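Here the structure is laid out as structure tokens; the discussion comes afterwards.
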Amino acid sequence: MTARRFYITTPIYYINGAPHLGHAYTTVACDVLARWHRLRGEDVRYLTGTDEHGQKALKSATAEGITPREFADRIVLKYHQAWKALGISHDDFIRTTEERHRAGAQELWRRIEAAGDLYKKDYEGLYCVPCESFYLESQLVDGKCPTHHVPVESVKEESWFFRLSKYQQPLLDFYESRKSFVTPATRMNEVVSFVEMGLQDLSVSRLIPWGIPVPGDEKHVMYVWLDALSNYITALGFGPGSERAFSPYWPADLHVVGKEIIRFHAVYWPAFLMSAGLEPPRQILSHGWLLKDDEKMSKTQGNLADPLKLEQWFGADAVRYYLMREFNLGSDGNYSEEAILDRVNTDLANDLGNTLSRITRILTSDLGGRVPRVAHGTALREHAERAWARATDAMERHDVQEALKATWELLSATNKFLVSEEPWKLAKDPGKRAHLEAVMHDASEAMRHVGNLVAAVMPGAAREIWRRLGIDGDPFSRALADGKGAIEWGFPEAGDAIHESGMFPRLDKSAFFADVQQDAAGQTAVDRESSKAAQASASAGAAAVHSGASAGKGVIQYDDFAKVALIAAKITGAKKHPQADKLLVLDVDDGTGAPRTICAGMAEWYAPEELVGKTVAIVANLAARRLRGIDSQGMVLAASWTGTDGKERVQVVVLPDSVPAGAIVR
Ligand code: MSP
């Protein structure tokens, strides 16, 4: 039996600035749905990417004095960085400046033209650059764009038009046959009313120098929305010569979009596809906005929250949890750092962390570290069944918030169960051993299910729950039981449980906000670390704030850093490791006169001869390690990052030749 397919997409993001929390919100929501469907054993394809053409990109690049392509390359890196930090598990990342996209978008144009749906005329209209959209005078609020509250530009030029008016009835028929094409239902109603009011033909080309040339009329470029929308099929390989059924993943199961771009997805996109003889997507989920002080978070408003900073402060799981728990996907909601902090302290540190820690403490101190195997269960099993039924039903409706509420009810039931059964007292009475075992089996089993239930939202925490309960593998290696709410009950064969603190340490509010202020004041991470080190004794016992945790590594004190001996060294010889494809074996001069060999995982990026003669920085006091038969005495520093193509890059940190071997690096 072939697995059910599930193709889910985010909108592709404009590259006029770095990703902000509003973008992260859409992307995390899609990631959670993608992970949930993967957990159910489905064949998931999750697409995201960047929308790089149009006037908005052109303006931002021009303001910086660089080409739009250079500008886009820079911003795309930030997207890769942010999505990596937030644990986004997309299968593909499409950029509209890629050849595969250009070819597919032009093919879509040709098909629409062949259907007789394009014509050219002179046009005059009011254009909002942040929206990349024309408005009628009557749609403006105080003469400004209703979404961005900025003045619109008057545009007068020759333009290609799409016969959108021809698709009014076909669209209404289509909506009639797919009542939940758009969710929530209120947005479906808005779309239907918009189309019922009458559709005007749509301008689909611009005379600007940055975009995909119109086939056969290359002084025009395709309207950025027609170009952008086609990403959903070009990423699947749609292009010249494609059949009607060009990919098993089309039609998409779900396009997730913010409410301000619903018209483009629910009206224009199906109309373009109908014209080209392709199937419309199955469903569009329209979510609300993250607001800051009741205003939409956006670059135009200048009220942005940086997802990378939040990840550094709170960790990816906490940010993902906050976004999914605090807001109902359909509605708008105000964002605040204080609210994240409260969620961390209450839901994660208290409810989740403490319950797990209560369980692992008893397992390790009274039950030899193993979850007991028992014949009879307790009433807790019913709570778990209820949680699964409710969460599964909610996730089918894309209601992640409701699924989390159901999970937290199971957590709370587990906690109440522990409080009423008092296993810490049972443990003192040898006659109650069987009862203790039944209680602890079920509490551990409920916790394992909590791990599975939170896995799509908090993959890191889910793995950690399993690890601490002593279960091998991770919650992602087992597909969720099929069918609504059907769960397996019975703790699997497992190793030793581990009792550790700190899965979600409580955060101290005043320490946190002091740190945020220092950050805002522009102090460097190094300044922050040394001032923190100075304050360390004064604030002993205060909760750790995850700031400065570049690369997600958490805060260290200066003393920790000072333990690392970094020195300059000259590479005098290099060869491939005879038994490891990825390693190079380097001879280095570290200034002591004694030979030193380092095995470096750089064979993928450097030929041995490229490194000989370079002065590099090495970690000189790292314990020696035998790597496939060769002792490696240290490490060479190198930068690594994800390239615009999504592939990993590595470059050695090279020091000037004038630096002598043995010089201290700090
Ligand atoms: N490039 C177009 C989409 C083309 S899709 C074929 C675009 N880009 S965008 O960068 O402006 O927005 C992308 C997504 O981010 C949208 O879903 C939008 O709603 C979301 N968000 C941007 N700011 C947001 C908030 N403040 N809150 C929640 N989501 C918001 O539109």
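The values are calculated or read from the model by the stated rules, or taken from the named source; none is laboratory data. Quick caveat: nothing in here was measured; it's all calculated off a predicted structure. As a convention, Cβ positions derive from the backbone with ideal geometry for all residues, glycine included, and neighbour counts pool all protein chains shown.
For the range 1-36, give me each residue that is assigned to a helix (DSSP H, G or I), more than 13 Å from the ligand (Cβ to nearest atom) and within 13 Å of Ala252 (Cβ to Cβ). If the condition is that a residue be assigned to a helix (DSSP H, G or I), more than 13 Å from the ligand (Cβ to nearest atom) and within 13 Å of Ala252 (Cβ to Cβ), then Leu33, Ala34 are the ones that fit. Scanning the range 496-507 for residues that are in contact with a Gly (Cβ under 9 Å, 6 or more places away or on another chain), farther than 18 Å from Asn452 by Cα and either buried (at least 17 other Cβ atoms within 10 Å of the Cβ) or not aliphatic (A, V, I, L, M) (or both) gives Asp496, His499, Ser501, Gly502, Pro505, Arg506.
Only a single criterion out of (1) closer than 23 Å to Asp399 by Cβ; (2) over 19 Å from the mean Cα position of the chain (by Cα); (3) within 10 Å of the ligand (Cβ to nearest atom) is not satisfied by Lys56, namely (1). Residues that are over 20 Å from the mean Cα position of the chain (by Cα) and of a type outside the set (D, E, K, R) within the range 294-338 comprise Thr300, Gln301, Gly302, Asn303, Ser331, Asn334, listed in sequence order. Inspection of the range 210-225 identifies at least one residue that is under 22 Å from Tyr7 (Cα atoms) and either in contact with a Phe, Trp or Tyr (Cβ under 9 Å, 6 or more places away or on another chain) or away from the ligand (no atom under 11 Å from the Cβ) (or both).
Only a single criterion out of (1) surrounded by fewer than 22 Cβ atoms within 10 Å (Cβ to Cβ); (2) touching a strand residue (DSSP E or B) at 6+ places or on another chain (Cβ under 8 Å); (3) not in a helix (DSSP H, G or I) is not satisfied by Ser242, namely (2).
One residue is enough: does the range 79-92 have a residue meeting the conditions at pLDDT 95 or above, within 16 Å of the ligand (Cβ to nearest atom), of a type in the set (Asp, Glu) and under 16 Å from Lys299 (Cβ atoms)? No. Residue pairs whose Cβ atoms lie under 8 Å apart, separated by 6 or more positions or on different chains, with the first residue in the range 273-294 and closer than 30 Å to Gln106 by Cα and the second more than 10 Å from the ligand (Cβ to nearest atom) and among the polar types (S, T, N, Q), are Gln283/Ser180; Gln283/Thr183; Ile284/Thr183; Leu285/Thr183; Ser286/Thr183. The sole residue among Ala620, Ala624 that is within 21 Å of Val564 (Cα to Cα), in contact (Cβ under 8 Å) with a residue 40 or more places away in the chain and either assigned by TED's automatic domain parsing to the domain that holds Ala568 or surrounded by 17 or more Cβ atoms within 10 Å (Cβ to Cβ) (or both) is Ala620.
Among the residues of the range 280-293, is any more than 29 Å from Tyr175 (Cα to Cα), assigned by TED's automatic domain parsing to the domain that holds Val195, near the ligand (Cβ under 10 Å from one of its atoms) and not charged (D, E, K, R)?
Of the range 280-293, the ones more than 29 Å from Tyr175 (Cα to Cα) are 291-293.
Pick out the ones that are also assigned by TED's automatic domain parsing to the domain that holds Val195 and you get 291-293.
Of the ones still in play, those that are also near the ligand (Cβ under 10 Å from one of its atoms) are 291-292.
When the remaining residues are screened for being not charged (D, E, K, R), the result is 291.
Yes, some residue in the range 280-293 is more than 29 Å from Tyr175 (Cα to Cα), assigned by TED's automatic domain parsing to the domain that holds Val195, near the ligand (Cβ under 10 Å from one of its atoms) and not charged (D, E, K, R).
Name the single residue, out of those in the range 325-357 being touching a Leu at 6+ places or on another chain (Cβ under 6 Å) and among the aliphatic types (A, V, I, L, M), that is surrounded by the fewest Cβ atoms within 10 Å (Cβ to Cβ). Here the residue is Leu341.
For beta carbons closer than 6 Å, sequence separation of 6+ or different chains, a first residue in the range 295-320 that is under 21 Å from Lys56 (Cβ atoms) and at pLDDT 85 or above and a second that is of a type in the set (Gly, Ala, Ser) and within 9 Å of the ligand (Cβ to nearest atom), the qualifying pairs are Pro307/Ala24. Got a number for residues in the range 263-279 being within 12 Å of the ligand (Cβ to nearest atom) and more than 16 Å from Arg178 (Cα to Cα)? Selection size over the range 263-279: 4.
Could you list, in sequence order, the residues of the range 54-110 that are of a type in the set (Ser, Thr, Tyr), touching a residue at least 24 places away in the same chain (Cβ under 8 Å) and either farther than 30 Å from Pro240 by Cα or assigned to a helix (DSSP H, G or I) (or both)?
From the range 54-110, those of a type in the set (Ser, Thr, Tyr) are 60, 62, 67, 79, 89, 96-97; that's our starting set.
Checking the rest, the ones that are also touching a residue at least 24 places away in the same chain (Cβ under 8 Å) come to 60, 79, 89, 96-97.
Answer for the range 54-110, where residues must be of a type in the set (Ser, Thr, Tyr), touching a residue at least 24 places away in the same chain (Cβ under 8 Å) and either farther than 30 Å from Pro240 by Cα or assigned to a helix (DSSP H, G or I) (or both): Ser60, Tyr79.
In the range 230-239, is there at least one residue being within 11 Å of the ligand (Cβ to nearest atom) and under 17 Å from Phe161 (Cβ atoms)? No; the residues of the range 230-239 include none that is within 11 Å of the ligand (Cβ to nearest atom) and under 17 Å from Phe161 (Cβ atoms).
Among the residues of the range 378-398, is any in contact with a Phe, Trp or Tyr (Cβ under 6 Å, 6 or more places away or on another chain) and under 13 Å from Trp489 (Cβ atoms)? Within the range 378-398, one or more residues are in contact with a Phe, Trp or Tyr (Cβ under 6 Å, 6 or more places away or on another chain) and under 13 Å from Trp489 (Cβ atoms).
Condition check: closer than 26 Å to Tyr119 by Cβ, under 32 Å from the mean Cα position of the chain (by Cα) and among the charged types (D, E, K, R). Does Arg263 satisfy that? Spelling it out, Arg263 is indeed closer than 26 Å to Tyr119 by Cβ, under 32 Å from the mean Cα position of the chain (by Cα) and among the charged types (D, E, K, R).
Only residues that are acidic (Asp, Glu) and crowded, with 21+ Cβ neighbours inside 10 Å: list them for the range 48-106, please. It would help to see each step written out before you state the result.
Just the residues of the range 48-106 that are acidic (Asp, Glu), to begin with: 51-52, 64, 70, 73, 91-92, 98-99.
Asp51, Glu52, listed by residue number.
Could you go through the range 378-389 and let me know if any residue there is loosely packed, with under 15 Cβ neighbours inside 10 Å, over 23 Å from Asn452 (Cβ atoms) and of a type outside the set (S, T, N, Q). Steps first, please.
As a first pass, look at the range 378-389 and keep what is loosely packed, with under 15 Cβ neighbours inside 10 Å: 379, 382.
Now narrow it down to the ones that are over 23 Å from Asn452 (Cβ atoms): none.
Taking every residue of the range 378-389 in turn, none turns out to be loosely packed, with under 15 Cβ neighbours inside 10 Å, over 23 Å from Asn452 (Cβ atoms) and of a type outside the set (S, T, N, Q).
Name, by its number, the condition in (1) within 15 Å of the ligand (Cβ to nearest atom); (2) assigned to a loop (DSSP other than H, G, I, E, B) that does not hold for His255. Failing condition for His255: (2). Report, by residue number, each residue of the range 265-314 that is surrounded by 22 or more Cβ atoms within 10 Å (Cβ to Cβ) and on the phi > 0 side of the Ramachandran plot. Scanning the range 265-314 gives no hits. When the range 34-77 is limited to residues that are over 30 Å from Ala391 (Cβ atoms) and among the polar types (S, T, N, Q), the one that is modelled with the highest pLDDT turns out to be Thr50. Filtered by the rule that a residue be closer than 17 Å to Asp201 by Cα, within 16 Å of the ligand (Cβ to nearest atom) and touching a residue at least 40 places away in the same chain (Cβ under 8 Å), the range 123-151 gives Tyr127, Glu132, Ser133, Phe134.
So is Pro660 modelled with pLDDT under 90, more than 30 Å from Ile15 (Cα to Cα) and not assigned by TED's automatic domain parsing to the domain that holds Glu70 or not?
Working: modelled with pLDDT under 90: yes; more than 30 Å from Ile15 (Cα to Cα): yes; not assigned by TED's automatic domain parsing to the domain that holds Glu70: yes.
Yes, satisfied.
With the condition kept exactly as written, say whether any residue in the range 191-199 is modelled with pLDDT of 95 or more, assigned to a loop (DSSP other than H, G, I, E, B) and under 14 Å from Phe134 (Cβ atoms). If you could, list the steps in order and put the result at the bottom.
Looking only at the range 191-199, we keep the residues that are modelled with pLDDT of 95 or more, and these are 191-199.
Still in the list and also assigned to a loop (DSSP other than H, G, I, E, B): 197-199.
Pick out the ones that are also under 14 Å from Phe134 (Cβ atoms) and you get 199.
Yes.
Highlighted here are the helices (runs of 4 or more DSSP H) found entirely within the range 363-481 that include at least 3 residues which are farther than 23 Å from Leu86 by Cα and more than 34 Å from the chain's Cα centre (by Cα): 400-421, 423-426, 433-454.
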